[in-house]
Amino acid sequence: MRKLLNLILLALLTSLSTGIALAQSPLQTEKNVTQLAPASISVTPTGPNQTVISSLANLPDADILVYINPQRLLNEVVPKVMPEKDVAEMRKAFEEVKTNFNIDPTKVEYIVLAVRFKKPSGDLKFQPPEALVVTSGDISAETLIGLAKMATQGAMRDETYGAKTVGLMKIDPIAKEAEKNPFLRGFSEVGVVALNGNTFAAGTPAYLRSAIDAADGKGRISMETLNYLVRDSNALMSIAGRPLHSFAKSFGLFGTETTERAARCETKMGDFYAAVTMDANNFMVRGAMNEDNPDTAKIVTNLFTGLLGYATSELKDPVAQTMLKHIVIAAEGDDITLRADLEQQMVINMIKGMMAPKKEEAAASETTKAPAPATTKPWRAVGTRA
């Protein structure tokens with residue numbers, strides 16, 4: 001129980017979770033599957049999604065985004081894949097967190113992981129990307145900041161940026177390695193900040209400052225990027241990204257930090273979207289990737305289809321084979337679309353099998369058990385008859 005409680009607190013304090021996204025509108029139909037393609041997105045969410053979009057619109061620009069809805073994960077997915085006893089223990093742990101720290105993990109509305117790539121430095125050195133995790137919901141961001149400071153036992157220092165106070169902490173092992181490997185400098189320090197009363201952010205210091213600027217209206221994420229991410233309101237998990245744009249930025253096609261250069265990567269090739277959705281019977285995978293023109297889309301589709309067929313034939317696990325056989329890849333105009341409908345029970349059984357102790361571990365556990373006490377014959381004096 002204590003270990004589970006600590007893990008939950010760690011996830012809240014750092015916001016480093018993975019997860020699951022939006023589910024409040026009708027299921028995706030066959031007709032609108034082709035609209036997943038990044039090149040053809042033009043969506044203005046309404047209803048429940050509009051609240052989420054309005055909140056996410058205050059984030060800084062990003063090259064890769066993952067959107068998560070922990071509430072749907074906890075209420076719909078976890079009870080199906082975890083034993084009832086473990087679910088009850090988890091909920092009890094949540095109650096302990098709520099009682100002891102006045103933080104209710106079940107009230108977290110969303111978690112967003114954002115990654116952005118950087119231009120090369122002035123001396124033409126490649127720079128590692130920056131990461132940011134934002135958590136929002138019916139929670140107190142200031143309480144989370146206080147818990148983070150308690151957890152670091154005074155190692156966190158405050159820095160004022162604009163009207164916000166950013167808590168920064170150096171990660172000593174990485175900082176020490178960065179003395180020998182400058183590439184690691186970007187990962188040697190992390191920070192936390194309360195963007196507003198119920199929105200908590202953690203990440204690299206420069207990206208946190210950008211998040212504060214974005215909350216004030218400067219350098220905000222584009223609506224096109226957000227529409228990539230949350231256009232399917234039934235998604236359990238969604239991710240969107242633009243790899244070629246990120247590559248072009250990282251290797252100087254847009255200039256460096258000290259020298260501006262006009263963008264020369266105008267193609268949307270590689271821009272992608274993927275999501276996992278569910279209905280009463282199936283988990284469904286939906287995705288799309290832009291390939292710039294119909295011919296390239298067909299060429300890449302044939303390549304992916306061939307690789308998928310080879311992987312299916314080489315797999316020994318019959319369940320994994322069955323799952324791969326359900327994947328359909330097709331060319332739709334300039335885009336490649338992916339879809340797969342997987343029976344819930346099949347996926348649940350596979351997950352439970354992965355979570356179950358391995359046979360080797362179970363056997364090792366048996367061998368470490370104390371041996372049964374040896375049986376001895378009743379004592380009798382020497383020379384007497386039995």
Item to check | Count - residues of region 310-320 that are in a helix (DSSP H, G or I) and either touching a Leu at 6+ places or on another chain (Cβ under 9 Å) or of a type in the set (S, T, N, Q) (or both) | outcome: 3
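Can you find a residue that is of a type in the set (Val, Ile, Thr), buried (at least 18 other Cβ atoms within 10 Å of the Cβ), under 24 Å from Lys249 (Cα atoms) and out of contact with any Lys or Arg (no Cβ under 9 Å at 6 or more places or on another chain) anywhere in region 215-225?
Yes, some residue in region 215-225 is of a type in the set (Val, Ile, Thr), buried (at least 18 other Cβ atoms within 10 Å of the Cβ), under 24 Å from Lys249 (Cα atoms) and out of contact with any Lys or Arg (no Cβ under 9 Å at 6 or more places or on another chain).
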Next on the checklist: If I ask for residues that are in contact with a strand residue (DSSP E or B) (Cβ under 9 Å, 6 or more places away or on another chain), over 21 Å from Val166 (Cα atoms) and either at pLDDT below 85 or not hydroxyl-bearing (Ser, Thr, Tyr) (or both), which ones from region 105-137 would you list?
Outcome noted: Lys107, Val108, Glu109, Phe117, Lys118, Lys119, Pro120
Checklist entry - Could you count how many residues in region 105-128 are buried (at least 17 other Cβ atoms within 10 Å of the Cβ) and either among the charged types (D, E, K, R) or in a strand (DSSP E or B) (or both)? => result 11
Item to check | Checklist (1) of a type in the set (Ser, Thr, Tyr); (2) within 27 Å of Tyr207 (Cα to Cα); (3) under 25 Å from the mean Cα position of the chain (by Cα) applied to Thr259, failing item | outcome: (3)
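Could you tell me whether region 53-70 includes any residue that is acidic (Asp, Glu), within 30 Å of Gly217 (Cβ to Cβ) and not in a strand (DSSP E or B)?
yes
Conditions tested, residue by residue: (1) touching a Leu at 6+ places or on another chain (Cβ under 6 Å); (2) aromatic (Phe, Trp, Tyr); (3) surrounded by fewer than 17 Cβ atoms within 10 Å (Cβ to Cβ); (4) not in a helix (DSSP H, G or I).
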residue	(1), (2), (3), (4)
Tyr273	yes, yes, no, yes
Arg286	yes, no, no, yes
Ala297	no, no, no, no
Gly306	no, no, yes, no
Thr322	no, no, yes, no
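Among the residues in region 171-182, are any outside any strand (DSSP E or B), aliphatic (A, V, I, L, M), surrounded by fewer than 20 Cβ atoms within 10 Å (Cβ to Cβ) and free of Cβ contacts under 8 Å to residues at least 12 places away in the same chain?
yes
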Checklist outcome for this item: Going through (1) buried (at least 17 other Cβ atoms within 10 Å of the Cβ); (2) farther than 30 Å from Lys118 by Cα; (3) touching a strand residue (DSSP E or B) at 6+ places or on another chain (Cβ under 7 Å) one by one, Ala331 fails only at (3)
Item to check | Criterion (in contact (Cβ under 8 Å) with a residue 24 or more places away in the chain, surrounded by 18 or more Cβ atoms within 10 Å (Cβ to Cβ), touching a Gly at 6+ places or on another chain (Cβ under 6 Å) and part of a strand (DSSP E or B)) met by exactly one of Ala131, Ala194 | outcome: Ala131
Checklist entry - Taking Leu184, is it at pLDDT below 85 and out of contact with any Asp or Glu (no Cβ under 9 Å at 6 or more places or on another chain)? => result no
Checklist entry - Taking the condition outside any loop (DSSP other than H, G, I, E, B) and touching a Leu at 6+ places or on another chain (Cβ under 9 Å), does Leu229 pass? => result yes
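Each row is one residue, and each column tells you yes or no for (1) assigned to a helix (DSSP H, G or I); (2) within 15 Å of Ile212 (Cα to Cα); (3) of a type in the set (A, V, I, L, M, F, W, C).
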residue: Ile139; (1), (2), (3): no, no, yes
residue: Leu144; (1), (2), (3): yes, no, yes
residue: Ala148; (1), (2), (3): yes, no, yes
residue: Ala151; (1), (2), (3): yes, no, yes
residue: Ala155; (1), (2), (3): no, no, yes
residue: Val166; (1), (2), (3): no, yes, yes
residue: Met169; (1), (2), (3): no, no, yes
Checklist entry - Yes or no: Lys249 buried (at least 20 other Cβ atoms within 10 Å of the Cβ) and either at negative phi or assigned to a strand (DSSP E or B) (or both)? => result yes
Next on the checklist: Looking at region 352-359, can you tell me whether even one residue there is modelled with pLDDT of 55 or more, under 30 Å from Gly306 (Cβ atoms) and assigned to a strand (DSSP E or B)?
Outcome noted: no
Checklist entry - Identify, please: which residue in region 330-349 is among the aliphatic types (A, V, I, L, M) and over 14 Å from Val285 (Cβ atoms) and is, among those, modelled with the highest pLDDT? => result Ala331
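The values are calculated or read from the model by the stated rules, or taken from the named source; none is laboratory data. These numbers come from a predicted model, not from an experiment. Glycine also receives a Cβ, built like all others from the backbone with ideal geometry; neighbour counts cover every protein chain displayed.
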